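Report on the structure given below.
The values are calculated or read from the model by the stated rules, or taken from the named source; none is laboratory data. Note that this is a predicted model, so its numbers are computed, not measured. Please note: Cβ atoms are built from the backbone with ideal geometry, for glycine as well, and neighbour counts cover all protein chains shown. With ligands, DNA and RNA removed, areas are computed over all heavy atoms of the protein, side chains included. Shrake-Rupley method; radii C 1.70, N 1.55, O 1.52, S 1.80 Å.
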Amino acid sequence: MINYSRFIEECNDLTTSVRNLIHGGELEWGPTDDIPGQHKGDVEVDDLCIDFFVKRGFNVFSEESGFTKSFLSDSALTVVLDPVDGSTNASRGIPFSAISCALIRGDELLGGYVGELTNGSTYWSLRGEGAYWNGNQIHVQARERSLSKSVVAVNGYPPRHLGWGQFRAFGSAALELCMVASSQLDAFVDFSYSGLATWDYLAGVAIIEEAGAFAKVIDPQRLLRGDFFGGRRHIMAAADESLAGIICDSLPKMKISQP
């Protein structure tokens, strides 16, 4: 039986290996012939991560390779993995990308880990044990928030200005969700045409919830959790439910259109 509290320690070790691989200068970041938008570097990092987790008794559901069974035939724990969230940034030397690992058992979200691949920052949570940034427990700062003074991260292109004070588009949803959890950002909204897959957002949502922030699915009749292995969703997160409501009130008036 796997002690899932060791999951964070395992992720720390893996993140160090991934960071060394990326910054060793030997990865090729050209496109693959298999999946649009996939880089050869994504596949090489994915191979490292899959080998790491399955040998330690975890199943893996990865953006790059789908579902891989653990070496333990009865393993009930699965890691939902994005080996390099923000791989376009990584391929161009833009210092904003991360490994994203969510731990699930059946329909339970047990924890999340997001490891930044340039400066070494780590965010993690385990259910009921709080959220942590570089080993220090975090909770969203209690303060009065108005949208007009908020800094909001976006994925995709917003159809119109929502009334925020400022916005940012960093290119890694996992890290941007963590930045809401740590009060560096006030909110995050996904405006992309196709939405986000679980490997993009699930670890960040686990950290968001343990930090006392708020996350929801924008799409009507879609659940934040339920189908961990399929479908895409438009996600938003905010430091508190009040700010989330202000943002969501304007969303039905907008249509996310295909570029």
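So here's what we get for this one:
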quantity	calculated
Close pairs (8 angstrom Cβ cut-off, 6 or more residues apart or separate chains): in contact (Cβ under 8 Å) with a residue 40 or more places away in the chain in region 155-168, acidic (Asp, Glu) anywhere	155/176; 155/190; 156/190
Any hit, region 22-42, residues being of a type in the set (A, V, I, L, M, F, W, C), part of a helix (DSSP H, G or I), within 12 Å of residue 117 (Cβ to Cβ) and within 18 Å of the chain's Cα centre (by Cα)	no
Pick from region 115-141, criterion open to solvent by 10 Å² or more (accessible area, probe 1.4 Å) and among the hydrophobic types (A, V, I, L, M, F, W, C), ranking: nearest to the chain's Cα centre (by Cα)	124
Within region 13-27, tally of residues that are open to solvent by 50 Å² or more (accessible area, probe 1.4 Å), under 16 Å from residue 42 (Cβ atoms) and β-branched (Val, Ile, Thr)	0
Boolean, residue 171 is closer than 30 Å to residue 48 by Cβ, more than 19 Å from the chain's Cα centre (by Cα) and open to solvent by 40 Å² or more (accessible area, probe 1.4 Å)	no
Members of region 174-195 that are farther than 18 Å from residue 116 by Cα, open to solvent by 20 Å² or more (accessible area, probe 1.4 Å) and at pLDDT 95 or above	none
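Yes or no, residue by residue, for (1) open to solvent by 40 Å² or more (accessible area, probe 1.4 Å); (2) within 21 Å of residue 176 (Cα to Cα); (3) in contact (Cβ under 8 Å) with a residue 24 or more places away in the chain:
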| site | (1), (2), (3) |
| --- | --- |
| 29 | yes, no, yes |
| 60 | no, no, no |
| 66 | no, no, no |
| 80 | no, yes, yes |
| 90 | no, yes, yes |
| 99 | no, yes, yes |
| 106 | yes, no, yes |
| 113 | no, yes, yes |
